[in-house]
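Below: one structure, written as structure tokens.
Just so it is clear, none of the values below were taken in a lab; they were calculated from the coordinates. On a predicted model such as this, the values are computed, not experimentally measured, just so you know. As a convention, Cβ positions derive from the backbone with ideal geometry for all residues, glycine included, and neighbour counts pool all protein chains shown.
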Amino acid sequence: MKNNRNIAEKFAEGQTVFSVEFFPPKTEEGARQILRTAHKLVELKPDYASITYGAGGSTRERTVEYGEMLMEIFGFEIMAHLACVGHSVPEIDSVLNRFSEAGIRNIMALRGDPPRNVEDFRPAEGGYKHAADLVRHIRERFPDFGIGCAGYPEKHPEAPDFDFDVEMLKRKVDSGADFIVTQLFFDNSHYFKFVDRCRAVGIDKPIVAGLLPALSLKHLMNFKSMCSTDIPEELIGKISEANSDAESAQIGLDWARRQIEELKAAKVPGIHLYILNRADSAIKLSRFIRA
Ligand SMILES: Cc1cc2nc3c(=O)[nH]c(=O)nc-3n(C[C@H](O)[C@H](O)[C@H](O)COP(=O)(O)OP(=O)(O)OC[C@H]3O[C@@H](n4cnc5c(N)ncnc54)[C@H](O)[C@@H]3O)c2cc1C
């Protein structure tokens with residue numbers, strides 16, 4: 001079953017758009033895990049599922065393979081991520097053609113990160129330096145794709161300040177992005193301030209809230225360093241006192257549920273769950289998102 005809808009249309013329907021994020025697995029056990037999860041999530045009917053793009057090498061090929069599989073076998077509407085890091089423009093075109101041939105109609109247009117231990121982002125020869133260039137490229141060459149782009153409620157780590165970062169986000173929107181998905185956050189006040197800043201500079205596209213249900217203190221701290229995300233003391237305190245993995249995961253879920261309830265009350269256009277290829281959090285939280 002293929003749906004092939006432009007995700008941007010869903011925001012016009014007025015419901016909270018509910019989406020989940022997968023990453024392409026690297027191992028056989030990972031492959032079984034994503035299949036099990038997809039199978040469990042079919043009945044939840046998320047509005048779309050996104051599939052990330054690897055930093056390089058063979059995982060990149062898997063984005064299209066798994067995107068196609070999630071679409072063909074499970075009927076998910078797919079948003080494939082594409083990062084310009086390491087790609088020349090002809091390579092970007094070839095990936096976009098692969099996505100298009102596979103029936104994928106929505107792209108999350110990203111710059112990507114420099115390799116580990118490299119400070120500055122350097123584009124590939126004949127490649128793009130900023131995600132806005134990729135957005136413009138897609139809009140011009142593949143006008144039918146729905147395009148998402150990334151937003152940072154706590155500012156992108158490389159940006160000198162919030163105003164600069166939001167101006168750069170506006171460039172992505174002005175270049176043709178249809179909607180924004182945020183970096184994960186654990187304190188909704190960051191999201192609300194970010195939305196105000198975006199609206200103040202004229203960004204009028206839907207801003208989807210990205211949430212990660214925390215599994216453990218270690219898990220939280222990994223994301224804190226990876227994404228430069230603020231973790232409220234209250235959450236750290238609660239999860240530090242958990243006596244088992246199950247209790248930690250429950251605390252993470254309860255925290256995410258409270259975030260969802262507040263975001264829903266504020267009528268956010270969408271909630272995107274970083275599920276890390278696990279089904280539990282989406283199953284337990286979907287009814288609060290859809291309520
Ligand atoms: C929802 C989401 C999904 C993601 N999925 C993936 C994925 O699948 N694969 C992956 O590799 N990474 C992914 N990332 C991580 C992302 O690639 C990194 O955060 C990366 O560092 C920035 O990407 P970007 O698209 O936001 O870049 P950009 O929008 O290009 O911004 C990067 C930095 O450059 C600055 N900037 C932008 N334009 C200009 C300009 N014209 N002049 C000067 N400075 C400028 C911005 O302020 C920012 O500091 C994701 C991030 C998010 C939030």
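Residues of the chain were split at every exposed loop site, defined as GluC sites (Glu not before Pro) in a DSSP loop with at most 16 other C-beta atoms within 10 angstrom, and the longest piece left, sites excluded, is 14-118.
Taking every C-alpha pair closer than 8 Å and separated by at least 6 residues, the mean separation divided by the residue count of the range 116-271 gives a relative contact order of 21 percent. Excluding residues on the same chain fewer than 8 positions from residue 238, give the lysines whose Cα lies under 22 Å from its Cα. The qualifying lysines are 218, 224, 284. Can you spot the lysines whose alpha carbon is less than 18 Å from residue 172's alpha carbon? Ignore those fewer than 8 places along the same chain. Answer for residue 172, where 18 Å is the Cα cut-off: 129, 155, 205, listed by chain and number. Please compute the modelled spin-label separation between residue 121 and residue 240, points set 7 Å along Cα→Cβ, answer in nm with one decimal. A separation of 3.4 nm, rounded to one decimal place.
The chymotrypsin sites (Phe, Trp or Tyr not before Pro) of the range 45-86 include none that meets both criteria, a DSSP state outside H, G, I, E and B (loop) and at most 14 other C-beta atoms within 10 angstrom of the site's C-beta. Computed over the range 162-291, the convex hull of the alpha-carbon atoms projects to a mean area of 8.2 nm². For the range 168-221, trypsin sites (Lys or Arg not before Pro) meeting the loop criterion (DSSP other than H, G, I, E, B) and having at most 13 other Cβ atoms within 10 Å: none.
As a length-normalised measure over Cα pairs under 8 Å and 6 or more apart, the relative contact order of the chain settles at 21 percent. Does the chain classify as rounded, prolate or oblate by the C-alpha gyration tensor (a ≥ b ≥ c root eigenvalues; a/c under 1.5 gives rounded; else a/b over b/c gives prolate, otherwise oblate)? Here the chain falls in the rounded category. Estimated from helical segments only, the mean residue ellipticity of the chain at 222 nm is -14500 deg cm²/dmol, where each DSSP H run of four or more residues counts as -39500 (n - 2.57). Within the shell defined by Cβ-Cβ distances under 14 Å, the residues around residue 265 carry a net charge of +2, with Lys and Arg each +1 and Asp and Glu each -1. In terms of other Cβ atoms within 10 Å, 289, 180, 73 run from fewest to most in the order 73, 180, 289. Here the range 48-103 and the range 132-194 have alpha carbon centers that stand 19 Å from each other. Between the residues 59, 104, 175, the greatest Cα displacement towards the positive end of the dipole of the chain, with unit charges on the Cβ of Lys, Arg, Asp and Glu, is found for 104. Going from the residue with the fewest nearby Cβ atoms within 10 Å to the one with the most, 187, 174, 165 rank 174, 187, 165.
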